[in-house]
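Accompanying notes for the structure given below.
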Amino acid sequence: MRRLPMTFISRSHRNKNLRHRAEALLQKKLIQPLLISSDVKSLQHELHVHRIELELQNEELRAAEQRLRGLLDRYTDLYDFAPVGYLTLDAQGVIVKANQCGAALLGINRDKLPGQVFTNFIAAVDCDRYIAYRVRLLQAKTGVPPLEVLLRPATGALRCVLLNGTRAPTVADQAEEYRFALSDITDLRHAESTLKDTTAHLSAVPDMMMTVDRELRIRTLNHAPEGLDSGQFIATPILDHVDPTSRATVADSLRQVLDSGQPNRHEALAIGPFNSLHWYDTHVGPILDNEGGVVGAILVIRDITARKVLEEALRERERQVRFLAEHDPLTGLPNRALFEDRLAQACSQAHRQQQRLAVLFIDLDRFKPINDTLGHAIGDRLLQETAQRLAACLRQSDTVARIGGDEFVILLLNIEDISAVRQVIDKLLETITQPFHIDAHCLHISLSVGVALYPEHSQDVATLLRQADTALYKAKSDGRGICRFYEPAMGETALARMHLEIELRTALQRDEFILLYQPQIAVSHGQPIGFEVLLRWQHPQRGLLTPELFMDVAEQSGLMIPIGDWILDNACRQLRAWQNGGEGARRALSVAVNLSRTQLAQDTLPTRITAILAAHQLHPAQLELELPEEALMTHPTALALLAKLKRIGVRLVLNEFGVGYSSLEYLQQMPLDKIKIASSLVRQLTQSQRHDALVAAIIGLGKYLDLCVLGSGVETREQWQFLQAYGCDQLQGAAIGAPLMAAAVEGWLRDWHYSPLELST
């Protein structure tokens, strides 16, 4: 044991002090003076002083010994109960002494440690490193860096420890010793390994994960956006990396989490890959300390730029489709649906404010001969210029809409009297009678106008429209190019409709209806996949009539139900006959039958279709039902009916898509298999980039909704190529084949030849 230095005063001072103290004590003890000689007295006095000096020295030694024992006890306690293991080894590596922590690390009782060889407790993989470390301790004149080794305790699992050794100084006759401090770093290494694994996992996560402190400075980041370095983010304000338009959103979101401790979520525009701006969806959660206080926030950040781009594209497509749903694609004017909506609103306002309205039905005289003679391109341009002239004659508050081929309707708001209406009509007639110069043609047309007034004639929207139509019919009957106001006495139209209804009933009984079949082909291989069924009426006096001439009367009279059943039954019968007479591809043909508004209102329709399919032994998927947009949008039970038809297994087709009523939300709800692009849209292809973009958007929408897309009314190679290039699945129109009698279908199937090479040239 080392001798501790004692700090006493110098010997001369000590002796003087002891003597003074001894003499003082001696004087107190002498009660009677000694009556002896002076020499004896002097000697006796010195003896007493020396005795007392010795006693005082003994007391001081005992006090010093007591202090030393206290220091030794404190040292022993610190040694034994230190959180670090201490070992003393001799020159051969045998343990001489150990504290409690050292014994615990070696997994053996402290009393049994002396005499144990330390290398027996070191894992074999580290023994050579430990021996080399001992050699460095022996040779080094200065300190040697600590050594990390694995201990193999007598009991328990391997422990990772840090050895910090030194060679003990020796004195004469003292054996050489080594002293080691053992720091258990097992938990530290486990934590580091866990942190490393966690960091690797976080780095592999595609989402960015970062933490910020209460001052909104970035503290950690698993990885930076592509092309950027994490170092430019760490310790910087997070708002520095956010676009100015989104900084308030991000700051509010983070402050809410830091103040409330509740997670939230936000979307923001921030710096992304290669310093470009990207959209991010961020989930923010609180970081809590041991007392539950919020010390920061953790952010899980996902790049949603692609989704945002797609959403914007879909919104743009929806705007385009909505525009198509509410406007005539050829003229850009409102269509019937939008017009009727505006008329309903105008009637409500006029009722509240006691105002008058006028509804003008307009038909272009001599348009059909021009269209048939010069072609659809000239006819379309004539309709476009007519629409512009009509709109130019009206106030901004008025509305002009195109509701049919050459039919327009105008709504005049807040009219003072009939003379004001006549002034507008005179202006319209004069404007339209001016010649139209289109290409090399100078064209002349006129207007027939029918007028109904609110509230004089009716306060009901449908009635007003019907009265204006009746007045128009009267104007056309009276010579065209003129205007007629509705009068209750106008009964000619109603009488004609009644006569037509009687003829329709007779036609059904006499089997005067016939079916034509227009081919449909698949774009991918060019082979026929089915036929659209077209109804015609072989009238005894008027010849072959198209449905436009009698369908309204059939719908209103209820005759469309038996006529529709007749069409379904005969179309299925004919398909069965073709299948029986052919093999292979012919057995896969289908027929597409148009359903009317009246049929879709019948709850028994699914039952009747099921019976017809069973009667002709057809697979339901070989029957396609083409559905009118207007009926689906206006009928309250349309979705339920479609669900029933879908369960049967027939294929559902939305007919004339792009010029009707459908919204994207409603379209998504319908269980459709196919959308059929309106022929009026297809005919205008390649005439304007804007129009081409609209058709392309419809095809893209169909693909997005996983629907088959059919382009109808294909008349030219250019239209065909455009639809094919943009991914249209099926085609129909004069370029493929005109409507055929059933007897002519066999020959068409035999003669049909499709060559992609020829098409592309």
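The values are calculated or read from the model by the stated rules, or taken from the named source; none is laboratory data. This one's a predicted model, so the numbers in the text were calculated from it and none came from an experiment. Cβ placement follows ideal geometry from the backbone for every residue including glycine, while neighbour counts extend to all protein chains displayed.
Some points to look at:
- The residues of segment 358-377 that are among the β-branched types (Val, Ile, Thr), buried (at least 17 other Cβ atoms within 10 Å of the Cβ) and assigned to a helix (DSSP H, G or I) amount to a single one, Ile370.
- When the helices (runs of 4 or more DSSP H) confined to segment 474-589 are screened for residues that are under 54 Å from the mean Cα position of the chain (by Cα), closer than 30 Å to Trp720 by Cα and not basic (Lys, Arg), those reaching at least 2 such residues are found at 560-580.
- Here Gly292 meets each of (1) in a loop (DSSP other than H, G, I, E, B); (2) closer than 16 Å to Ala401 by Cα with one exception, condition (2).
- So Gly102, is it assigned by TED's automatic domain parsing to the domain that holds Gln139, out of contact with any helix residue (DSSP H, G or I) (no Cβ under 6 Å at 6 or more places or on another chain) and modelled with pLDDT of 80 or more: yes
- Candidates Arg683, Arg750, Arg717: the one that is free of Cβ contacts under 8 Å to residues at least 12 places away in the same chain and either more than 23 Å from Leu625 (Cβ to Cβ) or of a type in the set (A, V, I, L, M) (or both) is Arg750.
- Listed conditions (1) touching a residue at least 12 places away in the same chain (Cβ under 8 Å); (2) surrounded by fewer than 16 Cβ atoms within 10 Å (Cβ to Cβ) are all met by Asp289, apart from (1).
- Unmet criterion (only one of (1) in a loop (DSSP other than H, G, I, E, B); (2) more than 49 Å from the chain's Cα centre (by Cα); (3) under 20 Å from Arg395 (Cα atoms)) for His457: (3)
- Within the set Cys160, Cys101, the sole residue that is within 60 Å of the chain's Cα centre (by Cα), surrounded by 15 or more Cβ atoms within 10 Å (Cβ to Cβ) and part of a helix (DSSP H, G or I) turns out to be Cys101.
- Residue among Gln57, Gln27 that is at pLDDT 70 or above and over 30 Å from Phe180 (Cα atoms): Gln57
- Enumeration of residues in segment 405-430 that are part of a strand (DSSP E or B) and of a type outside the set (Val, Ile, Thr): Glu407, Phe408, Leu411, Leu412
- Residue selected from segment 163-182 under the condition small (Gly, Ala, Ser) and loosely packed, with under 12 Cβ neighbours inside 10 Å, by the criterion farthest from Val96 (Cα to Cα): Ala172
- Filter result for Ile378 (over 17 Å from Tyr486 (Cβ atoms) and within 47 Å of the chain's Cα centre (by Cα)): yes
- Selection within segment 431-446: residues that are more than 54 Å from the chain's Cα centre (by Cα) and outside any loop (DSSP other than H, G, I, E, B). The member of this set that is surrounded by the most Cβ atoms within 10 Å (Cβ to Cβ) is Thr433.
- Single unsatisfied condition, Ala468 versus (1) in contact with a Gly (Cβ under 6 Å, 6 or more places away or on another chain); (2) within 17 Å of Gln384 (Cα to Cα); (3) crowded, with 18+ Cβ neighbours inside 10 Å: (2)
Residue-wise test of (1) surrounded by 14 or more Cβ atoms within 10 Å (Cβ to Cβ); (2) among the hydroxyl-bearing types (Ser, Thr, Tyr); (3) at pLDDT below 95; (4) assigned to a loop (DSSP other than H, G, I, E, B).
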| residue | (1), (2), (3), (4) |
| --- | --- |
| Ser203 | no, yes, yes, no |
| Pro225 | yes, no, yes, yes |
| Gly231 | no, no, yes, no |
| Val250 | yes, no, no, no |
| Val257 | yes, no, no, no |
| Ala270 | yes, no, yes, no |
| His278 | yes, no, yes, no |
| Thr282 | yes, yes, no, no |
| Arg302 | yes, no, yes, no |
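- Options Leu390, Leu428, Leu411, Leu382; residue that is buried (at least 19 other Cβ atoms within 10 Å of the Cβ), farther than 22 Å from Leu465 by Cβ and at pLDDT 95 or above: Leu382
- Among the residues listed as Ala640, Ala693, Ala621, the single one being touching a residue at least 40 places away in the same chain (Cβ under 8 Å), loosely packed, with under 15 Cβ neighbours inside 10 Å and not charged (D, E, K, R): Ala693
- So Arg322, is it assigned to a helix (DSSP H, G or I), touching a strand residue (DSSP E or B) at 6+ places or on another chain (Cβ under 6 Å), surrounded by fewer than 19 Cβ atoms within 10 Å (Cβ to Cβ) and not assigned by TED's automatic domain parsing to the domain that holds Ile218: no
- Qualifying residue in segment 624-633 (condition: surrounded by fewer than 16 Cβ atoms within 10 Å (Cβ to Cβ) and at pLDDT 75 or above): no
- Of residues in segment 117-129 being surrounded by 18 or more Cβ atoms within 10 Å (Cβ to Cβ) and of a type outside the set (D, E, K, R), the one nearest to the chain's Cα centre (by Cα): Ile122
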